[in-house]
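A.B. asks: Below is one structure. I have some questions about it.
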Amino acid sequence: MNVSFRKGAPQETSADTLCVGVFEDEGAPAALDEAIGGDLGRLIDSGEAKGSFKKTAIAHPEGAISAERVVLVGLGKRAVFDAERARVASAVGLSRAREAGARAVTWALPDEGDAARVAAAVAEGAVLAGYRFDRFKTSGNDDKSQVDRLEISSDQDVGTAVEQAAIVAEATNTARDLQNLPSNELTPTALGEHALQLAGEIDSLEVEAFGPDRIRELEMGGLLSVAQGSDQEPRLIVMRYRGGGEQLGIVGKAVTFDTGGISIKPSSKMEEMKMDMSGGAAAIEATAAIARLGLPVNLITVVPATENMPSGHAVKPGDIIRISNGKTVEVNNTDAEGRLILADGLSYAVSSGAERVIDLATLTGAIITALGSTYAGLFSNDDELSSAIERAGEASGELVWRLPLHPDYKDLTRGKVADLTNVSDQRKASSAYAASFLEEFVDGKPWAHLDIAGTAWGQDNRDYVGKGASGWGVRLLVELVRAQAQAS
Ligand code: BES
Ligand code: MN
Ligand code: ZN
């Protein structure tokens with residue numbers, strides 16, 4: 001979607017559709033309504049258009065406006081209007097416009113709150129709502145209508161905010177593409193190539209994608225043991241961006257398909273396990289977006305990528321492996337593979353100089369039971385990093401809920417014959433257990449783990465995301481880095 005900003009009156013748009021927000025118990029924006037002949041006010045007076053949140057109505061004004069239609073979108077009460085409501089309203093307006101056959105949309109920025117924040121949220125909501133994954137539909141696609149041009153209009157100078165929001169939302173949509181791609185298309189090799197291609201596009205970004213030989217040299221027994229059952233080669237994707245400031249490590253789980261391995265999963269819904277690379281997709285795209293924005297941080301982003309397959313050469317329950325930091329692990333369940341590859345990924349980030357580390361992973365089914373798709377689970381050994389992530393979550397709409405680490409959970413990770421076991425005996429506290437396991441590989445550095453198994457797929461409770469791939473984490477990570485930069 002082409003996104004632009006125009007300073008000036010919304011009615012001067014050349015788009016076919018104008019979206020306008022209406023607050024509850026208030027009239028239409030007066031200057032606009034007057035300019036186009038009072039149609040909006042009449043629609044509100046008649047009760048057809050309402051300011052209640054997410055309510056839409058369409059006007060076809062004949063007055064001094066070239067747009068074919070105006071979509072009125074209820075913004076709810078002014079007092080509770082915030083960035084999240086702006087995202088939702090923007091998405092609702094865009095969907096309604098698309099239904100009506102719009103190709104180009106101008107959003108008249110609601111006059112409330114911090115103009116730059118609202119502008120960014122409106123741009124974001126529309127770009128995310130405009131997302132489609134239809135590249136494999138050859139024909140018979142009856143939902144052809146696409147909005148390909150979005151303009152934000154305001155009398156305030158919010159061009160930069162709009163431009164930056166578009167970069168971040170497009171990166172999120174690219175992460176969604178990666179999530180949606182089936183595992184026969186998005187192999188670990190293909191994910192590596194995608195990251196390498198980003199380095200070609202963005203000058204400040206350096207990318208390497210290590211294959212099996214280099215991974216063996218690095219003695220990454222976690223990644224190698226998960227990959228050994230597959231005919232697809234693993235990749236260790238390493239991205240570096242130097243914008244100055246702190247060394248932040250980002251680690252993302254990229255299991256391009258998780259069958260469970262020898263501890264095989266049930267077949268029902270197994271096709272969804274193509275999304276088990278969502279953490280890696282978010283890590284890669286957030287890194288790209290941060291580099292495009294030129295934010296002041298040094299990133300080392302590490303994405304171990306592999307399939308998890310059963311085969312005659314797959315890792316078997318009871319096998320003992322050695323992670324690159326030297327710790328040994330009994331692989332007592334081959335479906336608990338994410339923590340094995342993350343162990344190597346975290347070790348690599350820390351030994352490469354990361355001062356703080358954040359990992360994102362679709363790690364446990366239990367986090368879906370606990371938090372659904374509303375919050376990602378946050379586990380951290382550091383209160384400051386943890387609250388910074390919570391704040392970034394609130395600002396971006398990608399919410400996190402902190403859950404505890406405790407010595408009791410640590411006890412569960414102790415192996416019978418090796419240092420660690422990759423699965424707790426009684427399946428107790430599965431998500432917290434997994435976090436405790438990961439903590440073994442951060443060498444005491446401030447670290448936060450985001451379990452995104454519930455949020456990465458199916459945020460039907462967010463109008464601007466909807467069903468399926470959400471690209472969860474891109475917006476939160478960019479916001480986190482941006483806020484840290486502003487604070488220092
Ligand atoms: N990739 C799964 C977790 C998952 C489940 C992600 C559902 C998205 C949707 C992970 O590798 C896994 O299989 N976890 C197991 C661990 C268990 C065997 C200890 C789980 O949570 O059941
Ligand atoms: Mn698994
Ligand atoms: Zn998995």
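The values are calculated or read from the model by the stated rules, or taken from the named source; none is laboratory data. Given the structure is predicted, the values throughout are model-derived calculations rather than measurements. Glycine gets a Cβ as well: all are built from the backbone with ideal geometry, and neighbour counts include every protein chain shown. Side chains included, ligands, DNA and RNA excluded: accessible areas come from the protein's heavy atoms. Shrake-Rupley method; radii C 1.70, N 1.55, O 1.52, S 1.80 Å.
A.B. asks: Could you work out the per residue convex hull volume over the alpha carbons of the chain, in cubic angstrom?
C.D. replies: So the per-residue hull volume is 146 Å³.
A.B. asks: May I pose another question? Considering Cα pairs under 8 angstrom that are at least six residues apart, work out the relative contact order of the chain and quote it in whole percent.
C.D. replies: 14 percent
A.B. asks: Once the dipole of segment 1-63 is set up with Lys and Arg at +1 and Asp and Glu at -1 on Cβ about the Cα centre, which of Cys19, Leu40, Ala30 lies farthest towards its positive end?
C.D. replies: Cys19
A.B. asks: Turning to a different aspect of this structure: Relative to the longest principal axis of the C-alpha atoms of the chain, give the angle of the C-alpha long axis of helix 474-487, reported between 0 and 90° and rounded to the nearest 10°.
C.D. replies: 80 degrees
A.B. asks: Among bridges DSSP assigns within the chain, what percent are antiparallel (round to 5)?
C.D. replies: Antiparallel: roughly 40 percent of the beta bridges in the chain.
A.B. asks: Plugging the Kirkwood radius over Cα pairs into Stokes-Einstein for segment 56-212, at a temperature of 37 °C and a viscosity of 0.692 mPa s, what D comes out in µm²/s?
C.D. replies: Once the numbers are plugged in, D ends up at 184 µm²/s.
A.B. asks: Compute the orientation-averaged projected area for segment 14-89 from the convex hull of its Cα atoms and round it to one decimal in nm².
C.D. replies: Dividing the Cα hull surface by four gives the mean projection, 4.8 nm².
A.B. asks: Over the chain, what percent of the accessible surface lies on carbon and sulfur atoms, probe 1.4 Å?
C.D. replies: In the chain, the share of accessible area belonging to carbon and sulfur is 46 percent.
A.B. asks: Against the longest alpha carbon principal axis of the chain, how many degrees, from 0 to 90 and to the nearest 10, is the axis of helix 383-396 turned?
C.D. replies: Its long axis makes an angle of about 30 degrees.
A.B. asks: Can you order the peptides 474-487, 200-213 by their average number of other Cβ atoms within 10 Å per residue, highest first?
C.D. replies: The most tightly packed comes first, giving 474-487, 200-213.
A.B. asks: Let me ask you something else. Could you calculate the contour length gain from Glu12 to Lys269, that is, 0.36 nm times the residue separation minus the distance between their Cα atoms, to one decimal place in nm?
C.D. replies: Length difference between fully extended and current span is 87.6 nm.
A.B. asks: I need to check one value: relative contact order of segment 430-476, counting alpha carbon pairs closer than 8 Å and at least 6 residues apart, in percent.
C.D. replies: This gives 25 percent for segment 430-476.
A.B. asks: Here's a follow-up. Ordering Ile262, Ile215 by accessible area with a probe of 1.4 Å, largest first, what comes out?
C.D. replies: Output order, biggest surface exposure first: Ile262, Ile215.
A.B. asks: Going by average Cβ neighbours within 10 Å, how do the peptides 109-121, 1-13 rank, with the highest at the top?
C.D. replies: 109-121, 1-13
A.B. asks: Right, something else. Treating only the Cβ atoms of Lys and Arg (+1) and Asp and Glu (-1) as charged, compute the dipole magnitude of the chain about its Cα centre; round to the nearest 20 debye.
C.D. replies: Taking the Cα centre of the chain as origin, the dipole is about 680 debye.
A.B. asks: Let me ask another. Helix 338-351 sits at what angle to the longest principal axis of the chain, using alpha carbons and giving 0 to 90 degrees rounded to 10?
C.D. replies: With both axes taken from Cα atoms, the answer is about 90 degrees.
A.B. asks: From the cross-link list Lys265/Lys416; Lys265/Lys467; Lys137/Lys265; Lys269/Lys428, which pairs have alpha carbons spaced over 27 Å apart?
C.D. replies: Lys137/Lys265
A.B. asks: Arranged from highest to lowest average of other beta-carbon atoms within 10 Å per residue, in what order do the peptides 291-303, 331-343, 393-405, 443-455 appear?
C.D. replies: Order by mean packing, descending: 331-343, 443-455, 291-303, 393-405.
A.B. asks: Please work out the average accessible area per residue across segment 145-273, using the 1.4 Å probe convention, and give it in Å².
C.D. replies: Accessible area per residue, segment 145-273: 41 Å².
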